[in-house]
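Before any comments, here is the structure.
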Amino acid sequence: MSHLKSKRGFTLIELMIVVAIIGILAAIAIPQFANMVSKSQEGATKGNLGSIRSALSIYYGDNEGVYPVAAASLAVLTTAQKYMQSIPSATLPRTTNNGAGHGTSAAVVNTLGDAGGWYYNNDNSATSTTYGSLVVNCSHNDLKSSPWTSY
């Protein structure tokens, strides 16, 4: 007596449909993941900017209304770790909004442009209207289309 056993399994069409669905989900998820990485880098840079500005504000109060003006500029904040342990990095994500991106840099430069890192204005002359200001040294926009120099 031969009994025909029904074979159970997936057909080729069913497997192809599952693979197609997984491919569509991956095509949606991967760009979203990359966007989240960029947003986290921006958030870290903005948080670091706030930390340095807070240290500058405390320095300003301790020194009776004078911001650091030495050639090393912000390095005075880390002397004996009184205000900060170290100057944090400015990490700009590589997006179309900010050009090619700037990677990680803690450099403090004297000219505002696209060098990356931080820009600190230590010019205390009477003509300077931004004396003591600190911004991210990038002329492009962040992911929300706000200029980095406005933070």
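The values are calculated or read from the model by the stated rules, or taken from the named source; none is laboratory data. Remember, it's a predicted structure, so these values are computed and weren't measured experimentally. Don't worry about glycine lacking a Cβ; one is built from the backbone with ideal geometry, like all the others, and counts go over all protein chains shown. Side chains are part of the model used for accessible areas, which takes the heavy atoms of the whole protein and leaves out ligands, DNA and RNA. Shrake-Rupley method; radii C 1.70, N 1.55, O 1.52, S 1.80 Å.
Just for segment 114-135: of the residues that are over 15 Å from Leu77 (Cβ atoms) and part of a strand (DSSP E or B), which one is least open to solvent (accessible area, probe 1.4 Å)?
Here the answer is Val135.
Out of segment 121-151, which residues are among the acidic types (Asp, Glu) and in contact with a strand residue (DSSP E or B) (Cβ under 9 Å, 6 or more places away or on another chain)?
Asp142
Just name the residue that is least open to solvent (accessible area, probe 1.4 Å) out of those in segment 44-92 that are at positive phi and more than 25 Å from the chain's Cα centre (by Cα).
Checking each candidate, the answer is Gly65.
Working only within segment 82-116, note down all residues that are at pLDDT 80 or above and not charged (D, E, K, R).
Tyr83, Met84, Gln85, Ser86, Ile87, Pro88, Ser89, Ala90
Quick check on Thr79: is it at pLDDT below 90, over 14 Å from His140 (Cβ atoms) and in a strand (DSSP E or B)?
Against the criterion (at pLDDT below 90, over 14 Å from His140 (Cβ atoms) and in a strand (DSSP E or B)), Thr79 does not qualify.
Only one of these is under 30 Å from Thr130 (Cα atoms) and out of contact with any strand residue (DSSP E or B) (no Cβ under 8 Å at 6 or more places or on another chain): Ala34, Ala55. Name it.
Testing whether each residue is under 30 Å from Thr130 (Cα atoms) and out of contact with any strand residue (DSSP E or B) (no Cβ under 8 Å at 6 or more places or on another chain) leaves just Ala55.
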